[in-house]
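Here is the structure we will look at.
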Amino acid sequence: MARSVPRPEHPRPDFERTDWINLNGEWQFETDPGNSGESQGLASGMRFPMTIRVPFCPESPLSGIGCVDFMDAVWYRKLARVPKSWAGKRILLHFGAVDYEATVWVNGVEIGRHRGGARGQDE
């Protein structure tokens, strides 16, 4: 039985476009207590041992993780297919919430970084 996608609606109806994909649902998940995942090759496409239910944070029981201990770094991985009709078009990958820092890879290539948020304001 296929599991339903949590919160399948567009997160910002005022910005909804005709062509969009909701990536909520099951993602691969890995904790990285030493924040050394990049040097360990976690961006290479290796399978992660756990799964998390997005859009829920790892601290939430709804995520399937429910870990309330401090996690210095975590990794998410999702396999997704881009429709052929999108070839040659600009694609926006939007994350609704990232706590402080994120690096994003597509097919093993780093495509962007973001740093900022509540934690960074005091540092």
Which of the following residues is part of a loop (DSSP other than H, G, I, E, B) and under 18 Å from Pro8 (Cα atoms): Gly88, Gly96, Gly34? Gly96
Evaluate the following for Phe56: is it touching a Leu at 6+ places or on another chain (Cβ under 6 Å) and either surrounded by 16 or more Cβ atoms within 10 Å (Cβ to Cβ) or within 18 Å of Asp99 (Cβ to Cβ) (or both)? yes
For the stretch 66-85, indicate whether the set of residues that are at pLDDT below 95, surrounded by 12 or more Cβ atoms within 10 Å (Cβ to Cβ) and within 21 Å of Arg12 (Cα to Cα) is non-empty. no
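The rows are residues; the columns are (1) more than 14 Å from Lys78 (Cβ to Cβ); (2) β-branched (Val, Ile, Thr).
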residue: Glu9; (1), (2): yes, no
residue: Arg17; (1), (2): yes, no
residue: Ile21; (1), (2): no, yes
residue: Phe29; (1), (2): no, no
residue: Glu38; (1), (2): yes, no
residue: Pro49; (1), (2): yes, no
residue: Val54; (1), (2): no, yes
Just need a number here: residues in the stretch 1-42 that are under 19 Å from the mean Cα position of the chain (by Cα), aliphatic (A, V, I, L, M) and over 30 Å from Ala87 (Cβ atoms). 0
Only one of these conditions is not met by Glu101: (1) surrounded by 14 or more Cβ atoms within 10 Å (Cβ to Cβ); (2) closer than 16 Å to Trp27 by Cβ. Which number is it? (2)
Could you give every pair whose Cβ atoms fall below 7 Å, whose first residue belongs to the stretch 100-112 and is at pLDDT 90 or above, and whose second residue is surrounded by 14 or more Cβ atoms within 10 Å (Cβ to Cβ) and among the β-branched types (Val, Ile, Thr), counting only separations of at least 6 or pairs across chains? Glu110/Thr103; Ile111/Val104; Gly112/Val104
Subset of the stretch 1-30, residues aliphatic (A, V, I, L, M) and surrounded by 10 or more Cβ atoms within 10 Å (Cβ to Cβ), comes to Val5, Ile21, Leu23
Taking the stretch 42-79 as the region of interest, how many residues are of a type in the set (Ser, Thr, Tyr) and closer than 21 Å to Gly108 by Cα? 3
Taking the stretch 31-53 and keeping only residues that are in contact (Cβ under 8 Å) with a residue 60 or more places away in the chain and surrounded by fewer than 15 Cβ atoms within 10 Å (Cβ to Cβ), one is left with Ser44, Gly45
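The values are calculated or read from the model by the stated rules, or taken from the named source; none is laboratory data. No experiment lies behind these values; they were computed from the predicted model shown. Backbone-built Cβ (ideal geometry, glycine too); neighbour counts: all protein chains shown.
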